[in-house]
Amino acid sequence: MSNRDYLGEFEHIILLALLRLQDRAYGVNVRQEIESCTHREVSVGAVYATLDRLEKKGYVKSWFGEPTPERGGRSKRFFTVTAKGMTAVNRTQHALQTMTEGLDFIRSSS
Amino acid sequence: MISDKDFGRPPFIATWLVSRFVTGKEAESLVGDLFEEFSSIASTSGIASAQRWYWRQAGKTVAHLAAGTLRSAPFFIAATVIGGLLLNRVVSGLPEPAIFAVLHRYRIFDRHFSAYVFLATDGIAIGHVVASMLVGCVVALAAKGKELVTTTTLSLVLCAMAGAVVFLSSEGQGLFLWMLPWYLADWVAIVVGGAFVHMCRSASRDSRFSRPV
């Protein structure tokens, strides 16, 4: 297994946001979901740059919706996690859990 | 139903800038996302607050997209920039002899002295700006899909090289400062050339998509 099979922190967060949002996962919702869950300011560009990278790796796939008036007649780009992406999330999640097992200070500081 | 007329339009320049760093449908969805949140913030916090948010997001978005493009194809961009430097080296030497050839051919010095002075000074500087824009266009044509990142990088490299030359040499700093506006115009012209090619490509792509089948 190479290190490329593991996700970066922001990639991991984005994939988790897509899983939480399911069929409502497009740029605005993904950005807002991350901001509300992590309390950190995220730019649309950061979200798109990471989603593009994940799509090139085959972890997510995207499709375009219909243009809507509240977006000035522009269409939404929806994202969903692929089976390969799910495997990567599980692997990273498992690695994190294994690494944090027995570290009591993490629980006490939260 | 919310439209752009209800809450005002987002800053045009910021939208234009973001659109130059992405292409086709991706640009549409990204700008659409920014527009949707802009309208939402404008309706709750007012147009001024929405515009501030928009500018901040646009700046961060451009930085992320540019960094992402640089990371995705560093060698290709480096090769294109080196090609651009060589081309710039060749092309930047052309306006001066070309203008003087025209001046001597039509004996401008004898007939229109003030025109001669203008062409021999500002005319050459304007020629350099036009040549820089052509360099930007050629580099952008080679860097398909990465026009703005490549031309901006080329511009910054030229800027850094000029700065290094001035810093290392004890003489010529006064001349450099005097010519600085023209140098800046050259560097901006390279990016403008890149933006022009990107706009032409986007327009051609859009017209292809919207053509009835």
Do you know which of the residues in region A:64-75 that are more than 8 Å from chain B (Cβ to nearest Cβ) and among the small types (Gly, Ala, Ser) is nearest to the chain's Cα centre (by Cα)? A:GLY65
Of the residues B:LEU148, B:LEU180, B:LEU156, which is surrounded by fewer than 16 Cβ atoms within 10 Å (Cβ to Cβ) and more than 19 Å from B:LEU86 (Cβ to Cβ)? B:LEU180
Considering only residues that are within 7 Å of another protein chain (Cβ to nearest Cβ) and free of Cβ contacts under 8 Å to residues at least 24 places away in the same chain, look in region B:45-62 and name the one that is surrounded by the fewest Cβ atoms within 10 Å (Cβ to Cβ). B:LYS60
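Does region B:183-190 include one or more residues that are closer than 19 Å to B:ALA78 by Cβ and in contact with a helix residue (DSSP H, G or I) (Cβ under 6 Å, 6 or more places away or on another chain)?
yes
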From the options B:ALA164, B:ALA140, residue that is in a helix (DSSP H, G or I), under 24 Å from A:TYR48 (Cβ atoms), of a type in the set (Gly, Ala, Ser) and not assigned by TED's automatic domain parsing to the domain that holds B:ALA14: B:ALA140
For residues that are of a type in the set (Phe, Trp, Tyr) and at pLDDT 90 or above, scanning just region B:73-108, find the one that is nearest to B:VAL139 (Cα to Cα). B:PHE76
Quick check, is B:ALA42 at pLDDT 90 or above, surrounded by 15 or more Cβ atoms within 10 Å (Cβ to Cβ) and either outside the structural domain of B:LYS146 (by TED's automatic domain parsing) or in contact with a strand residue (DSSP E or B) (Cβ under 7 Å, 6 or more places away or on another chain) (or both)? yes
Within region B:91-105, can one find any residue that is under 23 Å from A:SER75 (Cα atoms), of a type in the set (Phe, Trp, Tyr) and surrounded by 13 or more Cβ atoms within 10 Å (Cβ to Cβ)? no
Would you please name the residue that is nearest to B:ARG71 (Cα to Cα), looking only at residues in region A:22-47 that are hydroxyl-bearing (Ser, Thr, Tyr) and more than 9 Å from chain B (Cβ to nearest Cβ)? A:THR38
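Looking only at region A:76-91, decide whether some residue is within 30 Å of B:PRO10 (Cβ to Cβ), within 14 Å of another protein chain (Cβ to nearest Cβ) and over 16 Å from the mean Cα position of the chain (by Cα).
Taking region A:76-91 first, the residues within 30 Å of B:PRO10 (Cβ to Cβ) are A:76-80.
Then keep just the ones that are within 14 Å of another protein chain (Cβ to nearest Cβ); that gives A:76-79.
Checking the rest, the ones that are also over 16 Å from the mean Cα position of the chain (by Cα) come to A:76.
Yes; the residues of region A:76-91 include at least one that is within 30 Å of B:PRO10 (Cβ to Cβ), within 14 Å of another protein chain (Cβ to nearest Cβ) and over 16 Å from the mean Cα position of the chain (by Cα).
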Would you tally the residues in region A:26-40 being surrounded by 12 or more Cβ atoms within 10 Å (Cβ to Cβ) and out of contact with any helix residue (DSSP H, G or I) (no Cβ under 9 Å at 6 or more places or on another chain)? 1
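For the condition under 30 Å from B:THR23 (Cβ atoms) and either assigned by TED's automatic domain parsing to the domain that holds B:ALA203 or outside any helix (DSSP H, G or I) (or both), what is the one hit in B:THR152, B:THR121? Let's see the steps before the verdict.
On the way: B:THR121 fails: under 30 Å from B:THR23 (Cβ atoms).
Unique residue meeting the criteria: B:THR152.
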Does region A:48-60 include one or more residues that are closer than 30 Å to B:PRO11 by Cβ, among the basic types (Lys, Arg), within 14 Å of chain B (Cβ to nearest Cβ) and crowded, with 17+ Cβ neighbours inside 10 Å? yes
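The values are calculated or read from the model by the stated rules, or taken from the named source; none is laboratory data. Every value quoted in this text rests on a predicted model; they were computed, and no experiment measured them. Because the Cβ atoms are built from the backbone with ideal geometry, glycine has one as well, and the counts that use them run over all protein chains shown.
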